[in-house]
Amino acid sequence: MANTNFTPEQQAFIDEWERTADCRNTPEMVCPHCFGTLGDSWAYEDDEGELACPYDDCGKVFSYERRTVVTYSTSIPS
Ligand SMILES: [Zn+2]
């Protein structure tokens, strides 16, 4: 049986985690405050850092992390 006796701090963390579920592992960055999608996320030089949301009615700071998946393809040369 799951332990549901969370402290208020733990419950707040869980609530925040669930609220921002759509902001993780997305192809473009999604602001965790207003859920606006940021285009051209690839253009940010650093793989992690903090940004101010570019949407005028939000503008709140959030942190981001870029994960890059590397794959290789091979073929027999013609
Ligand atoms: Zn925002």
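The values are calculated or read from the model by the stated rules, or taken from the named source; none is laboratory data. Note that the structure is predicted; figures quoted are calculated from it, not measured. Virtual Cβ from ideal backbone geometry, glycine too; neighbours counted across all protein chains shown.
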Within segment 37-51, can one find any residue that is exposed (fewer than 11 other Cβ atoms within 10 Å of the Cβ), of a type in the set (S, T, N, Q) and modelled with pLDDT under 95? no
Glu9 is checked against (1) within 16 Å of the ligand (Cβ to nearest atom); (2) over 13 Å from the mean Cα position of the chain (by Cα); (3) modelled with pLDDT of 95 or more and fails just one. What number does that condition carry? (1)
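Table: residues versus (1) part of a loop (DSSP other than H, G, I, E, B); (2) more than 16 Å from the ligand (Cβ to nearest atom).
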site: Cys34; (1), (2): yes, no
site: Glu45; (1), (2): yes, yes
site: Glu50; (1), (2): no, no
site: Asp57; (1), (2): yes, no
site: Phe62; (1), (2): no, no
site: Arg67; (1), (2): yes, yes
site: Val70; (1), (2): yes, yes
So, Glu16, is that one more than 12 Å from the ligand (Cβ to nearest atom), assigned to a loop (DSSP other than H, G, I, E, B) and acidic (Asp, Glu) or not? no
